[in-house]
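The structure appears right after this line, and notes come after that.
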Amino acid sequence: QVQLVESGGGLVQPGGSLRLSCAASGSIFSIDAMGWYRQAPGKQRELVADITSGGSANYADSVKGRFTISSDNAKNTAYLQMNSLKPEDTAVYYCYAHIVWSSPSRYWGQGTLVTVSS
């Protein structure tokens, strides 16, 4: 059993910043990758960013240059630094982790709401 706990969401004005965190715990051999999807009302689920255990990061075009994903492998934790936030970033953000030698292999956090509004 693996559990993911994420935090860091909240209300911020346009142009502001937030940092999300996602910590995995439980029966973990190693993590292949961690990342975040987001879901806004009336919009499709979107992969925001992910990062492999080797440090290779991937970003949605809409957040490139504004968001930075990082990880602390020793803590089984990922971070998403979100800068220059825009109203269109408003969504529930769900982190995930892909766990090596785990069944199931993919786990999800509970979601955290990010609201960007003046």
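Figures for the structure shown
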| read-out | value |
| --- | --- |
| Verdict on Ala24 being outside any helix (DSSP H, G or I), in contact with a Leu (Cβ under 6 Å, 6 or more places away or on another chain) and touching a residue at least 40 places away in the same chain (Cβ under 8 Å) | yes |
| Leu11 vs. criteria loosely packed, with under 14 Cβ neighbours inside 10 Å, part of a strand (DSSP E or B) and out of contact with any Cys (no Cβ under 7 Å at 6 or more places or on another chain) | yes |
| Every residue from the range 92-118 that is over 22 Å from Gln3 (Cα atoms) and in a strand (DSSP E or B) | Thr115, Val116 |
| Filter result for Ser62 (closer than 24 Å to Val116 by Cα, open to solvent by less than 70 Å² (accessible area, probe 1.4 Å), touching a residue at least 60 places away in the same chain (Cβ under 8 Å) and over 14 Å from the mean Cα position of the chain (by Cα)) | no |
| Condition met for Gly8 (closer than 18 Å to Gly111 by Cβ and touching a Lys or Arg at 6+ places or on another chain (Cβ under 7 Å)) | yes |
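For (1) open to solvent by 20 Å² or more (accessible area, probe 1.4 Å); (2) not hydroxyl-bearing (Ser, Thr, Tyr), each residue gets a yes or a no:
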residue	(1), (2)
Trp36	no, yes
Ser103	yes, no
Trp108	yes, yes
Leu113	yes, yes
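The values are calculated or read from the model by the stated rules, or taken from the named source; none is laboratory data. From a predicted model like this one, the values you see are computed outputs, not experimental measurements. Here Cβ is always computed from backbone atoms with ideal geometry, including for glycine, and neighbour counts include all displayed protein chains. Just the protein is used for accessible areas: all its heavy atoms, side chains included, with ligands, DNA and RNA removed. Shrake-Rupley method; radii C 1.70, N 1.55, O 1.52, S 1.80 Å.
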